[in-house]
Amino acid sequence: MLAQLVVLYAPRAPSTDQVPLVGPVLDKVVHLAVFALVAWTGRRAGVRVRLLVVVLLAHAVVSELLQHWVLPHRSGDPLDALADAAGVLVGLLLPARRGRLVA
């Protein structure tokens, strides 16, 4: 979760503008990865799926609103929130324990 908080709320996001096509894709991959990791870890910790989904999806939306309205050098991006939501899905579909797929 600490990595997720740093990625979402650092005063300045690392610039990915130098690489025209890779930069924006890399940004979305990072969003997907940090939410997938938190979702997967939450399942391994035994957090109920419904609670995990609600909290993480709410956090995806709230984090983008905070980036837009509160953090002066950041901007909210609805596509980031979609990447976050995709990360939640990926994290929930990864096996929570060896040999089992979480449904």
- Message: Going by average Cβ density within 10 Å per residue, which order do the peptides 31-41, 76-86 take, highest to lowest?
- Response: 31-41, 76-86
- Message: Report the gain in length on full extension from M1 to L57: 0.36 nm times residue separation, minus Cα-Cα distance, nm rounded to one decimal.
- Response: 18.7 nm
- For region 21-78, the convex hull over Cα atoms projects on average to an area in nm² of 4.5 nm²
- Residues meeting the amide H criterion for G76 (H placed from the backbone, H to H distance under 5 Å, 5 or more places apart or on another chain) are H68
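Each value in this text was obtained by applying a stated rule to the coordinates, not by laboratory testing. On a predicted model such as this, the values are computed, not experimentally measured, just so you know. Don't worry about glycine lacking a Cβ; one is built from the backbone with ideal geometry, like all the others, and counts go over all protein chains shown.
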